[in-house]
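The values are calculated or read from the model by the stated rules, or taken from the named source; none is laboratory data. Keep in mind the model is a prediction, meaning the values are calculated, not measured. Cβ sites come from the backbone with ideal geometry, for glycine too, and all protein chains shown count toward neighbours.
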Amino acid sequence: MTLDRGSLAAIFKKNNLLSEYEEQEPVFVWTEIAGELGKVARPKKVQGGSLVLEVPSAAAKQELSFLEEEFLEKLNENLNHSKVDNLKFKMGQFSEEPGSDDEGVDLEEISLSDEEMSKIEGALEETDLEESTRQSLRSLLITQQKKRKARLNQGWHECPACGGVFPDFKCSYCGFDRREVDTA
């Protein structure tokens, strides 16, 4: 379950963190606007007018950079408290997260549902990429979705703030800590 922005803002406000939410709003909005493509890039923080996103590889960084203008337009249309001037794609430690146990998982044995594949194909249809780039991005999205599915099967948790998955109490994507937030 992912919280809507209004509920998320209310939780931050209740915990005297509304100004932090407003400052970092693009981190939370990223998941909404980027869809399946956004699962490849983890929002980390807002720095100046830039949204810093971690990506798993140089290929992902290059492919997503082709979509930067499209992402920026959607992002800024959906922000209530801030504006993002550019996206900074940085290499992240996707496979070396604390608690990650992808080494024992054979991704070839994990199948994606028709709905999961449809989401990936739908996301790719919305892009204006060359066919080779589209196929490379498709492969990357499928691999990332399989890793996500494997981790959820291993008992990881889905972050209600950004939709990422994490092994314990704190989301490594956005820093959400499910122990510290009063949702009542």
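How about segment 31-57: which of its residues are of a type outside the set (Lys, Arg), modelled with pLDDT under 85 and either buried (at least 16 other Cβ atoms within 10 Å of the Cβ) or part of a helix (DSSP H, G or I) (or both)?
Matches in segment 31-57: Thr31, Glu32, Ile33, Ala34, Gly35, Glu36, Leu37, Gly38, Val40, Pro56.
Where the second residue is modelled with pLDDT under 90 and part of a helix (DSSP H, G or I) and the first is under 20 Å from Ser172 (Cα atoms) and β-branched (Val, Ile, Thr) and lies in segment 41-69, which pairs have Cβ atoms under 7 Å and are six or more apart or on separate chains?
Once the first residue is under 20 Å from Ser172 (Cα atoms) and β-branched (Val, Ile, Thr) and sits in segment 41-69, its partners that are modelled with pLDDT under 90 and part of a helix (DSSP H, G or I) give Val46/Glu23; Val46/Pro26; Val46/Val27; Val55/Lys61; Val55/Leu64.
Exactly one of these conditions fails for Gly155: (1) within 27 Å of Glu109 (Cα to Cα); (2) under 18 Å from the mean Cα position of the chain (by Cα). Give me its number.
Here Gly155 meets the rest and fails (2).
For segment 116-140: of the residues being among the aliphatic types (A, V, I, L, M) and under 14 Å from Gln62 (Cβ atoms), which is surrounded by the most Cβ atoms within 10 Å (Cβ to Cβ)?
If we take residues in segment 116-140 being among the aliphatic types (A, V, I, L, M) and under 14 Å from Gln62 (Cβ atoms), then Leu137 is surrounded by the most Cβ atoms within 10 Å (Cβ to Cβ).
Any residue at all in segment 136-152 that is of a type outside the set (A, V, I, L, M), modelled with pLDDT of 80 or more and farther than 26 Å from Val29 by Cα?
No: zero hits.
Is there a residue being without any contact (Cβ under 8 Å) to a residue 60 or more places away in the chain, of a type in the set (D, E, K, R) and part of a helix (DSSP H, G or I) anywhere in segment 150-171?
For segment 150-171, residues without any contact (Cβ under 8 Å) to a residue 60 or more places away in the chain, of a type in the set (D, E, K, R) and part of a helix (DSSP H, G or I): present.
Does segment 108-119 include one or more residues that are in a helix (DSSP H, G or I), touching a helix residue (DSSP H, G or I) at 6+ places or on another chain (Cβ under 6 Å) and under 27 Å from Gln24 (Cβ atoms)?
yes
Sort through Ser100, Ser19, Ser95, Ser82 and tell me the only one that's out of contact with any Lys or Arg (no Cβ under 9 Å at 6 or more places or on another chain), modelled with pLDDT under 85 and either within 18 Å of Arg151 (Cβ to Cβ) or not in a loop (DSSP other than H, G, I, E, B) (or both).
Ser19
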